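Inspection log for the structure reproduced underneath, given as structure tokens.
The values are calculated or read from the model by the stated rules, or taken from the named source; none is laboratory data. Here the structure is a predicted model, which is why all the values come from computation and not from measurement. For neighbour counting, all protein chains shown are included, and Cβ atoms are generated from backbone atoms with ideal geometry for every residue, glycine included. Heads up: the accessible areas ignore ligands, DNA and RNA and are worked out on the full protein's heavy atoms, side chains in. Shrake-Rupley method; radii C 1.70, N 1.55, O 1.52, S 1.80 Å.
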Amino acid sequence: MKNSNRNKEIKITTKPKLLDKVKFHLRANRYSKSTEEAYVKWIKEYILYSGKRHPKELTKKDLEDYLNYLAVTKKVSASTQNQAINAIFYLYKKVLNIEIGWLEDVKRARKSKRLPTVFSRREVTEVLKYLDGEIKIIASILYGGGLRLGEALRLRIKDVDIDYKTIIVRESKGEKDRQTILPMSVIPSLRNQLKKVKRIHENDLKKGKGETILPASLREKYPNAGKEFGWQYVFPSDKLVLAEKYKFYYRHHLHETTVQKRIKEAIKKAEITKQASSHTFRHSFATHLLENGYDIRTIQELLGHNSVKTTMIYTHVLNNGTGVRSPLDVNIEY
């Protein structure tokens with residue numbers, strides 16, 4: 001018994017590892033899973049680059065060297081370098097309570113001037129033709145509502161309002177909620193999907209399962225909410241997985257790679273040679289709304305961009321964006 005108690009004491013007093021501290025802090029502040037994974041990745045890489053020394057032992061010069069390495073040697077994009085900066089600043093300021101100050105000697109990665117790949121309306125129709133089931137519903141929501149793939153997969157039943165034809169995207173990029181469009185044409189298929197999810201959920205409950213993962217603050221406030229239908233994922237996985245922290249089995253949402261693979265296959269079958277992916281549907285949503293004459297700020301809100309400058313890139317994609325007609329179309333007859 002003494003040895004058992006001693007082991008318990010050791011467990012309680014053992015300090016968590018640094019990366020575990022970062023994860024705990026991010027989850028406590030309700031950062032998305034994708035942000036957590038990205039931040040942990042950059043912090044880990046920073047530590048490895050610095051010879052596995054603890055960040056408390058590193059100087060501002062060490063940090064500047066690492067960021068310059070990303071820009072000069074690895075030639076990462078400006079957005080990638082910014083993500084690394086945000087991750088490391090979060091570590092120092094929020095987790096270690098250390099102020100870094102201004103970084104004077106950091107070489108900034110060049111901002112990419114490449115335009116986003118966009119499907120034509122015909123190409124959207126062709127790709128969707130080669131999809132079926134829940135993958136087709138997901139792709140339709142990406143295009144019809146301008147969602148990112150991760151946002152669509154994280155949708156809960158309660159976030160979809162069929163009567164008002166709206167979707168609430170929770171804790172998207174920038175850790176904020178937004179409202180966007182639920183396309184009318186996808187509603188019949190979506191109703192069937194929700195009926196299917198309800199059958200699966202009821203069957204899981206009968207087996208003593210059916211609980212899902214909730215944000216930590218909600219789990220404490222509403223301990224039984226995880227078993228409610230409204231909190232289940234719209235696109236659940238076929239298999240139950242163990243939530244190690246809570247010691248129960250639950251259905252996570254479909255994995256991103258599963259959807260990405262199916263969409264890539266559909267793009268290939270549609271004989272589209274563009275460098276397209278699931279994210280191309282979101283780009284197409286914005287571009288086609290602009291073509292239809294919608295205001296740029298409305299599109300900004302639907303996409304969840306912090307700045308209208310980010311949304312403005314889609315104006316450059318439009319063929320008639322300059323208002324200039326090609327001389328070939330004006331002067332030459334075929």
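Considering the stretch 304-328, the residues that are open to solvent by 70 Å² or more (accessible area, probe 1.4 Å) and at pLDDT below 75 include one that is nearest to the chain's Cα centre (by Cα), namely N319.
Does D132 qualify as being under 30 Å from L194 (Cβ atoms) and open to solvent by 80 Å² or more (accessible area, probe 1.4 Å)?
Values: under 30 Å from L194 (Cβ atoms): yes; open to solvent by 80 Å² or more (accessible area, probe 1.4 Å): yes.
Judged against the criteria, D132 is a match.
Within the option set L91, L103, being more than 16 Å from L19 (Cβ to Cβ), touching a residue at least 12 places away in the same chain (Cβ under 8 Å), out of contact with any strand residue (DSSP E or B) (no Cβ under 8 Å at 6 or more places or on another chain) and open to solvent by less than 70 Å² (accessible area, probe 1.4 Å) holds for one residue only, L103.
When we screen L63, L67 for residues that are out of contact with any Ser or Thr (no Cβ under 9 Å at 6 or more places or on another chain), modelled with pLDDT of 90 or more, open to solvent by less than 30 Å² (accessible area, probe 1.4 Å) and assigned to a helix (DSSP H, G or I), the only hit is L67. Taking every residue in the stretch 221-235 that is free of Cβ contacts under 8 Å to residues at least 60 places away in the same chain and pairing it with any residue that is assigned to a helix (DSSP H, G or I), at least 6 positions away or on another chain, the pairs with Cβ-Cβ distances below 7 Å are A225/L218; A225/W231; G226/R219; K227/L205. Within the option set K269, K264, being open to solvent by 70 Å² or more (accessible area, probe 1.4 Å), touching a Lys or Arg at 6+ places or on another chain (Cβ under 9 Å), of a type in the set (D, E, K, R) and under 23 Å from R121 (Cβ atoms) holds for one residue only, K269. Restricting to the stretch 160-175, and then to whatever is closer than 26 Å to A38 by Cα and in contact (Cβ under 8 Å) with a residue 60 or more places away in the chain, can you tell me which residue is surrounded by the most Cβ atoms within 10 Å (Cβ to Cβ)? Within the stretch 160-175, the match that is surrounded by the most Cβ atoms within 10 Å (Cβ to Cβ) is V169.
For the stretch 11-60, a residue qualifies if it is open to solvent by 50 Å² or more (accessible area, probe 1.4 Å), in a loop (DSSP other than H, G, I, E, B) and at pLDDT 85 or above, and the qualifying residues are K17, G51, K52, R53, H54, T59.
Scan the stretch 124-147 and give yes if some residue there is without any contact (Cβ under 8 Å) to a residue 40 or more places away in the chain and of a type in the set (A, V, I, L, M), otherwise no.
No - not one qualifying residue is present in the stretch 124-147.
Against the list (1) of a type in the set (K, R); (2) surrounded by 14 or more Cβ atoms within 10 Å (Cβ to Cβ); (3) over 24 Å from G144 (Cβ atoms), the condition R178 fails is (3). The set of residues from the stretch 147-159 being surrounded by fewer than 19 Cβ atoms within 10 Å (Cβ to Cβ) and under 14 Å from the mean Cα position of the chain (by Cα) comprises just one member, G150. Restricted to the stretch 275-292, and to residues there that are assigned to a loop (DSSP other than H, G, I, E, B) and modelled with pLDDT under 95, the residue that is most open to solvent (accessible area, probe 1.4 Å) is Q275. Considering only residues in the stretch 232-254 that are within 19 Å of the chain's Cα centre (by Cα) and aromatic (F, W, Y), the one that is least open to solvent (accessible area, probe 1.4 Å) turns out to be F235.
Of all residue pairs spaced 6 or more apart or on separate chains, those with beta-carbon atoms under 7 Å, a first member in the stretch 265-290 that is closer than 14 Å to L128 by Cβ and a second member that is outside any helix (DSSP H, G or I) and among the aromatic types (F, W, Y) are A266/Y130; K269/Y130; A270/Y130; A276/F119; T280/F119; S284/F119. When E301 is tested against (1) surrounded by 18 or more Cβ atoms within 10 Å (Cβ to Cβ); (2) part of a helix (DSSP H, G or I); (3) under 20 Å from the mean Cα position of the chain (by Cα), only condition (1) is not met.
Only residues that are aliphatic (A, V, I, L, M), assigned to a loop (DSSP other than H, G, I, E, B) and under 30 Å from M312 (Cα atoms): list them for the stretch 91-146, please. Break it down into steps so the answer makes sense when it comes.
The first filter runs over the stretch 91-146 and keeps only residues aliphatic (A, V, I, L, M), leaving 91, 95-96, 98, 100, 103, 106, 109, 115, 118, 124, 127-128, 131, 135, 137-139, 141-142.
From what's left, assigned to a loop (DSSP other than H, G, I, E, B): 96, 98, 100, 103, 106, 109, 115, 118, 131.
Answer for the stretch 91-146, where residues must be aliphatic (A, V, I, L, M), assigned to a loop (DSSP other than H, G, I, E, B) and under 30 Å from M312 (Cα atoms): L103, V106, A109, L115, V118.
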